[in-house]
Every structure is written in structure tokens, then in C-alpha cells.
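Single-structure report; data block below.
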Amino acid sequence: MGLRERKKEKTRLAILDAALDLFLEQGYEMTTVEQIAGSVEISARTFFRYFTGKEHVVLWFHDHSEEVLTEALLHRPDDEPPFTSLLQALRVMMREFNDATPDDTERFMKMQRLIESNPALAGRSIARGVETERRLAVEVARRQGLDPAVHQLPHMVVAYAMATVRVGFECPRPKITSMGEMFDRVEAALTLAERSFRPGWDLAG
């Protein structure tokens, strides 16, 4: 990363940190873009060079994760079974989480707290997840030579894979307190999903 890119990354993270702190301190709805920009001594115009709006800040990790996941899927062999390709791409995404710095971990936890405490943001997060699944289904369909508007298989593959990740996040229910713990739980769910496709395998075993 060059000097210019490092400076841009530093500014982006400063905006992200300031916004999350303000959202948690005074509420998402009560916080303005102008307040966020002012807290890091930039203009609102500069803010919009990095984020499209407040919602983009909150869902930044989701958008970044989708980019990593999509890129990883594009690099899987075309003749690989679609479910295998998607699980391996998900592992690439999860490794990035596992390699996160302590500051990244703190940012992620703040975003989770914010989304969980705000029903409107929770709903938007779910909607964004649906959009991601549709885009992934298009890529899975392309790899299989299928039309996603006609065939159910690409959608089923994506739905099962993403449900596996959700199980890793949510089950057992105790709150995740670190990226390493999240990585371990999702990896266990991905491994269980792989095993479920082996004939005669006892899922309870």
C-alpha cells in the first residue's frame, strides 16, 4: 500500500470510529453526517468520498466481507462442485476476520451492538444479506451453466451455505466475544455441513 492509499485508509477508519462512537453515544437517528465529519475535522463532502451515508458506515463490514467472498469464489476452479467452492470461499472470508487487528475487532463488535439494538438497522442488515445471496446465486449458476431465473439449484446451494454461517454465528446462543471465537464456531459449522453430504454420516456423531 502506497503513502496515498495509507492516508486514505487512515481517514476511512477515523470516520468509521467516530461514527460508531457517536451512534452508540447519542443514537443512530440523532447523529448527522455533519457531526461525524466535524468530529474528525473533515467536510461532509469528504465524508461522502468514503461512505455513501450513515447506513453504509454501519454495514461496511458486510459490504467488505461480500467483496472478499465474491473474489474468493471467482478464483475457485470452475469444475469444482458448487457447494465446495462456496464453502472454501467462505473460509477465505472467515480467515480475514480471524486475522483482524484488535481495533478491527472492536469496530466489528460496536457494529454488532448497534445493529442488535436498532430494529431498523437489523432489518436493513437482513435485506443486505438477501441481496448478497442473490448475487452469489448468479455466480454459482454461471459456474454450472444454469439460468438462476429458472433453476433452483444455485439458490439452494447459496441458501444452505449461508445458513451454515448463520448457525456458526448464532448457535450455541452465548454471545461471541472475539474474532477467534467467531472463526472457530463458523469453521465448526462449515465442517459439519461438509460432513452432512457424506453418505451414511451421522450428523449427531
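The values are calculated or read from the model by the stated rules, or taken from the named source; none is laboratory data. In this text, all values refer to a predicted model and were calculated from it rather than measured experimentally. FYI the Cβ positions are ideal-geometry reconstructions off the backbone, even for glycines, and counts take in every protein chain you see. Heavy atoms of the whole protein, side chains included, go into the accessibility calculation; ligands, DNA and RNA do not. Shrake-Rupley method; radii C 1.70, N 1.55, O 1.52, S 1.80 Å.
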| query | Taking the range 30-48 as the region of interest, how many residues are aliphatic (A, V, I, L, M), in contact with a Leu (Cβ under 7 Å, 6 or more places away or on another chain) and in a loop (DSSP other than H, G, I, E, B)? | reply | 0
| Could you say whether any residue in the range 65-82 is open to solvent by less than 50 Å² (accessible area, probe 1.4 Å) and charged (D, E, K, R)? | yes
| query | Within the range 101-202, which helices (runs of 4 or more DSSP H) (wholly inside it) include 3 or more residues that are among the basic types (K, R)? | reply | 102-117, 119-144
| request: Could you identify the single residue in V33, V68, V57, V40 that is touching a Lys or Arg at 6+ places or on another chain (Cβ under 7 Å), β-branched (V, I, T) and either within 18 Å of A120 (Cα to Cα) or without any contact (Cβ under 8 Å) to a residue 40 or more places away in the chain (or both)? | output: V33
| Just one of R142, R134, R107, R113 is over 22 Å from D78 (Cβ atoms) and open to solvent by 30 Å² or more (accessible area, probe 1.4 Å); which is it? | R113
| query | If you go through the range 1-29 one residue at a time, how many are within 20 Å of Q112 (Cβ to Cβ) and not in a helix (DSSP H, G or I)? | reply | 3
| note | Those residues of the range 60-100 which are part of a helix (DSSP H, G or I), of a type in the set (G, A, S) and under 15 Å from the mean Cα position of the chain (by Cα) amount to S65, A72, A89
